[in-house]
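Novice: My questions all concern the structure below.
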Amino acid sequence: MTPEVSVIIPAYNRCAMLLEAIDSVLAQSTPAFELIVIDDGSTDETAEQLERLTETTRIEIERIDHSGPAAARNRGVAIARAPLVAFLDSDDLWSPAKLERQLAFMRDNPACAISQTNEIWIRNGRRVNPGHRHRKRAGDIFIDSLRTCLIAMSSVMMRTELFRSSGGFDEHLAAAEDYDLWLRILIDHEAGLLDEPLVTHRAGHPDQLSATTPALDRFRILALTKLLADDRLSPARRTAVVEVLAGKCAVYARGLRRRGKIEQVRLYERVADQARGWLMRAVPEIGCAVESMRSMLGEIPHDC
């Protein structure tokens, strides 16, 4: 029988927490799912533990060369069989009713292409309250999402075809790949919200991406610049993207100047200045700016 939802967990060197995340999926109150774990080239005991799990549990495992969470999630969706897909980070947990409640929400709202639930936040073992800017809401959240990523990876459920038609996660982004994809999707789609805390988000551990990847705004700046090449943006939304992009570029450039990174300062100051000229439509200079940023991040060579 074809499952209703494919659950994708990317895994990299976080075996103990991964096993807890998997347990939270296997404990779901509905059996209408398939569980796909993509081992992103782990070098700890992850591979051995996952192999043992396959002997007794309903789980599909695929191992890839270490390529980052974007590539791992993309691979998971590539082999997914269900019309819906849900992601769970290996350091997060689901309540037992998460899938059942969210599947019912998606059935009751057939026009909804992407939805999320609320979360409980745990930092360093203690429950904390998210700030007001992180408060989840339903509907058209595109402009609000420019400054703060308002869709949580481990709470999201979306139509598999929407994910695939959107191009999936940008595998060139070492961070903020979720911010990038949600913005591209939110151009055309409103977000649904099941206002129940059905996910436990665990933070504060030393291998968390935000702790190991410096200057995360450089990836958000690249995502915003890419967005300006999209002709689907309305004038109001394009103006909002330009405003946030220029502000982030100015702040990041100041930090680069303090560290003596003058070549990079020139790039981000130039993008901030040029962005004002991108208010009306996408222009070729945007592609050149994206290529230059990718090169600056060490991803690809450029000739602009």
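Novice: Need the failing condition index for residue 174 against (1) modelled with pLDDT of 95 or more; (2) closer than 27 Å to residue 266 by Cα, just the number.
Specialist: Going through (1) modelled with pLDDT of 95 or more; (2) closer than 27 Å to residue 266 by Cα one by one, residue 174 breaks only (1).
Novice: Any residue in the range 287-304 that is within 14 Å of residue 270 (Cα to Cα) and not assigned by TED's automatic domain parsing to the domain that holds residue 229 sitting within a Cβ distance under 7 Å of a residue that is among the charged types (D, E, K, R) and modelled with pLDDT of 85 or more? List the pairs, counting only those 6 or more apart or interchain.
Specialist: So the pair list comes out as 304/291.
Novice: Hand me the list of strands (runs of 3 or more DSSP E) wholly inside the range 94-175 holding 2 or more residues that are crowded, with 17+ Cβ neighbours inside 10 Å, in contact with a strand residue (DSSP E or B) (Cβ under 7 Å, 6 or more places away or on another chain) and without any contact (Cβ under 8 Å) to a residue 12 or more places away in the chain.
Specialist: Where strands (runs of 3 or more DSSP E) fall fully within the range 94-175, none carries at least 2 residues being crowded, with 17+ Cβ neighbours inside 10 Å, in contact with a strand residue (DSSP E or B) (Cβ under 7 Å, 6 or more places away or on another chain) and without any contact (Cβ under 8 Å) to a residue 12 or more places away in the chain.
Novice: Next question. I'd like the residue in the range 199-218 that is surrounded by fewer than 23 Cβ atoms within 10 Å (Cβ to Cβ) and at pLDDT 95 or above and, out of all such residues, is farthest from the chain's Cα centre (by Cα).
Specialist: Within the range 199-218, the match that is farthest from the chain's Cα centre (by Cα) is 200.
Novice: Continuing with this model, one more query. For residue 238, are the conditions met, namely being at pLDDT 90 or above, under 23 Å from residue 141 (Cα atoms) and surrounded by 18 or more Cβ atoms within 10 Å (Cβ to Cβ)?
Specialist: So residue 238 fits the description; yes.
Novice: For the subset of the range 36-55 comprising residues that are farther than 16 Å from residue 66 by Cα and either in a loop (DSSP other than H, G, I, E, B) or out of contact with any Leu (no Cβ under 7 Å at 6 or more places or on another chain) (or both), which member is modelled with the lowest pLDDT?
Specialist: My answer is 55.
Novice: So for the range 10-20 (the condition being in the same structural domain as residue 176 (by TED's automatic domain parsing), polar (S, T, N, Q) and either farther than 30 Å from residue 187 by Cβ or out of contact with any Phe, Trp or Tyr (no Cβ under 7 Å at 6 or more places or on another chain) (or both)), does at least one residue qualify?
Specialist: yes
Novice: Taking the options 80, 71, name whichever one is of a type outside the set (S, T, N, Q), in contact (Cβ under 8 Å) with a residue 24 or more places away in the chain and part of a loop (DSSP other than H, G, I, E, B).
Specialist: After ruling out the rest, the residue left standing is 80.
Novice: While we're here: So is residue 82 under 30 Å from residue 138 (Cα atoms) and in contact with a Pro (Cβ under 7 Å, 6 or more places away or on another chain) or not?
Specialist: So residue 82 passes the test.
Novice: Any chance the range 235-251 includes a residue that's outside the structural domain of residue 93 (by TED's automatic domain parsing) and assigned to a loop (DSSP other than H, G, I, E, B)?
Specialist: no
Novice: Another one. Which of the residues spanning the range 257-277 are closer than 14 Å to residue 244 by Cα and among the basic types (Lys, Arg)?
Specialist: Matches in the range 257-277: 276 only.
The values are calculated or read from the model by the stated rules, or taken from the named source; none is laboratory data. Keep in mind it's a predicted model, so treat the numbers as computed, not measured. For neighbour counting, all protein chains shown are included, and Cβ atoms are generated from backbone atoms with ideal geometry for every residue, glycine included.
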